[in-house]
Structure formats: C-alpha cells, structure tokens
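For reference, the structure discussed in these notes is given below.
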Amino acid sequence: MPFWFWALVVFVYGTVVGSFLNVCICRMPKDESIIKPPSHCPKCGTQLRTLDLVPLISFLALRRKCRYCGEPIGWRYFLVELATGILSVALFWKYVGIEGNLPDFLAFALFSASLIAVFFIDLEHWIIPDQLSVFGIVVGIARDVYGVVMHEAAHAPYQISIPFTGFELPMLRSIAGLVICGGLFYLIAVLGEAAFKKEAMGGGDIKLAAAVGAVLSLPLALLSFFVAVFIGSVVGVGMKIAARKEQKDSYLPFGPMMVVGVVVVLFFGKSVIDIYLRYLQG
C-alpha cells in the first residue's frame, strides 16, 4: 500500500481518538466515568446514535446542532477531532515516513493524544487529571523497556555510579527523566511558594512534567520546558497588556504551554540540539 493510504488511515484513526478525547475532556474534570453512560447530548441527555458520532462529518452535517434538541454544539468538539487527526498524520510522516521508527510513532501518538486532552482541560478548568499524567508515564516506560529489549542504542540504560562502592546500577532513561523532571518542578513549586507565599506550581503540572520526562527523556524534556516557558512568557505579556486595557486580572495555566512545548520538540527538538552541539564544537 502507498504511504498516502496509511497516512489516510492514521488520520481517520486520529479523528476517532479525538472523538474519545472529547468524552475525556467533558467528563474527567467532573470525576465521571469515561465509559458509562454512552455518549449523549449534554443539553437534552438523549443518547447519541452511530450517525451522530462520525468524527468531523457528523458535526458538519448537523450544522453544529444536536439532532434531538437543536441546541448548538461547541466548536471545541470539531477542533479536538481535527487536531488529533492532523497531529497523528504529522507524527506518522516524521517518525515512520522519514525516520522509519514505528515504535516512536506509536508512543508519541498516544502521548500526544493525552496531551490534547490536557490542553483543553487545563485551559478551561485549571486542572490536569492524574490519569492523563499516569498514562504518559506508562507509555514512556513501556517504550523505553521495548527499546532496551530490542537493544536500541537510543534507549540504552544510564549507568548510575554508587558513591564509595565502585558499583554501577543501570537506570532506564524514562525513569531518570521522570525523577529529574518531576523533581525539578517539585523544587520550583517549593521554592516559589516559599518566596511568594502562595502556590507557584500546581501538583498537576509536577506530575505532567514527570510524564514528559518519562516519554521524551533528557535532554529533550528539558528543552520542551524551555520552549514552554518562552511561549508562556510571550502569551503572558500579551494577556497582561490586554488585561490592563480592560482592567481585568489575567491568569495563564502552564499545562497548555507544556503541551505546546512537547509538540514543538517532537518535531524539531533533535535538530535544535544537533545545531547547539555543533555550535559548541565550533
């Protein structure tokens, strides 16, 4: 089969995943089950049929309205399905089409899907469900273990020296990334709270940072945090200026910035690091 055929399959699969993510985005902040009850209109409660749940197409065919009560359907449903489909194809193109690395594609596609849910949930509710971070950690460790079993050089365990013993213990790169990134954000939270006398970093951000460390490992995870801080600073300044004009307070959750940072690094991170290393070497 030609590459475009598989890209189309991946896009369709991505939109289906996006449809499921909409369920997660709606229910997780309320601590509701993502399995039961079946999908239904949040306004009239009518259970949706198969024709109402076709990703992208149903939204457009129904003209953004519930078939049963006529209430409008938010654009977020369409955007999540479209974004998941496009991101899945883009990852497929890079990691399978260019690099020929199917395991990386599967891991990054799964993690990216959970990050889309994180983006919209944190943006609207200022929380990051633990289930999404734990899912990312599991994906990162599973990919790492597979790489070790298959003797992939990129997943060779670190050798950690035990002081005063001369012994070395192997440590999975995903575990090292999890501990270092999660620990770094925890330290920032503690120091920030001590300095400003208020919460500087939410627990959800700390757990998400650990998940990013598990999936991307070092140094890509740290680079994604740098990108997140840069983007957050730019957006934050813009929000401050707009808030002053409207005389309103402005607040910015960090989770969406971390999501954007991860996506940027997934596509450009290795190139940026290679350029930086060549610069250091003169």
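The values are calculated or read from the model by the stated rules, or taken from the named source; none is laboratory data. None of these values were measured; they are calculated from a predicted model. When we count neighbours, we look across all protein chains shown, and the Cβ atoms used for this are built from the backbone with ideal geometry, even at glycine.
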Open item on the list: Give all pairs with beta carbons closer than 6 Å in which a residue from the stretch 125-146 that is over 15 Å from CYS24 (Cα atoms) and touching a residue at least 40 places away in the same chain (Cβ under 8 Å) meets a residue that is surrounded by fewer than 22 Cβ atoms within 10 Å (Cβ to Cβ) and among the hydrophobic types (A, V, I, L, M, F, W, C); count only pairs at least 6 apart in sequence or on separate chains.
Closed with: VAL139/LEU110; ASP144/LEU172
Task: Subset tally (residues that are surrounded by 15 or more Cβ atoms within 10 Å (Cβ to Cβ) and either touching a strand residue (DSSP E or B) at 6+ places or on another chain (Cβ under 6 Å) or of a type outside the set (A, V, I, L, M) (or both)) for the stretch 49-66 - done: 5
Open item on the list: Criterion first (within 30 Å of ILE275 (Cα to Cα), at pLDDT below 90 and aliphatic (A, V, I, L, M)) does VAL235 satisfy it?
Closed with: yes
Open item on the list: Condition first: modelled with pLDDT of 90 or more and surrounded by fewer than 22 Cβ atoms within 10 Å (Cβ to Cβ). Now tell me which residues in the stretch 160-181 satisfy that.
Closed with: LEU172, ILE175, ALA176, VAL179, ILE180
- [ ] Could you please find all residues in the stretch 134-181 being within 19 Å of the chain's Cα centre (by Cα) and among the polar types (S, T, N, Q)?
- [x] SER174
Open item on the list: I want to confirm something. Restricting to the stretch 182-214 and keeping residues that are among the acidic types (Asp, Glu) and under 24 Å from the mean Cα position of the chain (by Cα), which single residue is surrounded by the most Cβ atoms within 10 Å (Cβ to Cβ)?
Closed with: ASP205
- [ ] Filter the helices (runs of 4 or more DSSP H) completely within the stretch 2-103 down to those with at least 2 residues that are under 20 Å from the mean Cα position of the chain (by Cα) and closer than 24 Å to PHE267 by Cβ.
- [x] 3-27, 75-92
Open item on the list: Every residue in the stretch 132-154 that is of a type outside the set (Val, Ile, Thr), closer than 15 Å to ALA221 by Cα and out of contact with any Leu (no Cβ under 6 Å at 6 or more places or on another chain), please.
Closed with: GLY136, GLY140, ALA154
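Inside the stretch 67-91, can you point out the residues that are aromatic (Phe, Trp, Tyr) and either under 14 Å from PHE20 (Cα atoms) or buried (at least 18 other Cβ atoms within 10 Å of the Cβ) (or both)? So that I can check it myself, show each step before the final result.
Start the filter on the stretch 67-91 by keeping residues that are aromatic (Phe, Trp, Tyr), which leaves 68, 75, 77-78.
Hits for the stretch 67-91 are TYR77, PHE78.
Let's see how each residue does on (1) at pLDDT 90 or above; (2) β-branched (Val, Ile, Thr):
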residue	(1), (2)
ALA189	yes, no
PHE196	no, no
GLY202	no, no
VAL212	yes, yes
ALA228	yes, no
ASP249	no, no
LEU266	yes, no
ILE275	no, yes
